[in-house]
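A short worksheet on the structure shown next.
The values are calculated or read from the model by the stated rules, or taken from the named source; none is laboratory data. Computed from a prediction, not measured in an experiment: that's the story for all the values here. Backbone-built Cβ (ideal geometry, glycine too); neighbour counts: all protein chains shown. The area values use the complete protein model at the heavy-atom level, side chains included, leaving out ligands, DNA and RNA. Shrake-Rupley method; radii C 1.70, N 1.55, O 1.52, S 1.80 Å.
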Amino acid sequence: QVQLVESGGGLVQPGGALRLSCVASGSIFSINGMGWYRQAPGKQRELVAFVTYGGSTNVADSVKGRFTVSRDNAWNTVSLQMNSLKPEDTAVYYCNAAIQSSAREPLSIYWGQGTQVTVSS
């Protein structure tokens, strides 16, 4: 079994910062891409940021210049540093990873349980 567990969400004032972390554990042979999605009430889940195994990143235009995604391959973790937060960043943030659980298995997509980020004064 593979698990993704997020941490670091919470309530922050506009202009503030938060750092989200996600660790993958369990039966892991290799991890390809890792990233973060978010879903605000009444809206579809959207990609926030993505990082490949080699460290190439893709960040949504709405958060570019404010959010930074990084990963540590040795520890199977992916992080999202969120600065200059705005009320419209309020959402549940989900960790996502493409993981191969053994050499015989194909890549499968896994999701964390989600962590709430609320930006409000």
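Yes/no per residue for (1) open to solvent by 40 Å² or more (accessible area, probe 1.4 Å); (2) in contact with a His (Cβ under 6 Å, 6 or more places away or on another chain); (3) assigned to a strand (DSSP E or B); (4) at pLDDT below 95:
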| position | (1), (2), (3), (4) |
| --- | --- |
| Val23 | yes, no, yes, no |
| Val69 | no, no, yes, no |
| Glu88 | yes, no, no, no |
| Ile99 | no, no, yes, no |
| Gln116 | yes, no, yes, no |
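I want to confirm something. Restricting to the stretch 101-114 and keeping residues that are in contact (Cβ under 8 Å) with a residue 40 or more places away in the chain and within 14 Å of the chain's Cα centre (by Cα), which single residue is surrounded by the most Cβ atoms within 10 Å (Cβ to Cβ)? Here the residue is Gly112. Every condition in (1) farther than 24 Å from Gln3 by Cβ; (2) open to solvent by 80 Å² or more (accessible area, probe 1.4 Å); (3) in a strand (DSSP E or B) holds for Ser121 except the one numbered (3). Number of residues in the stretch 13-36 that are more than 26 Å from Arg104 (Cβ to Cβ) and without any contact (Cβ under 8 Å) to a residue 60 or more places away in the chain equals 1.
For the stretch 25-67, give me each residue that is part of a loop (DSSP other than H, G, I, E, B) and under 18 Å from Gln3 (Cβ atoms). Residues satisfying the conditions are Ser27, Ile28, Phe29. Among the residues of the stretch 1-21, the ones that are open to solvent by 30 Å² or more (accessible area, probe 1.4 Å), farther than 23 Å from Val63 by Cα and in a strand (DSSP E or B) come to 1 in all.
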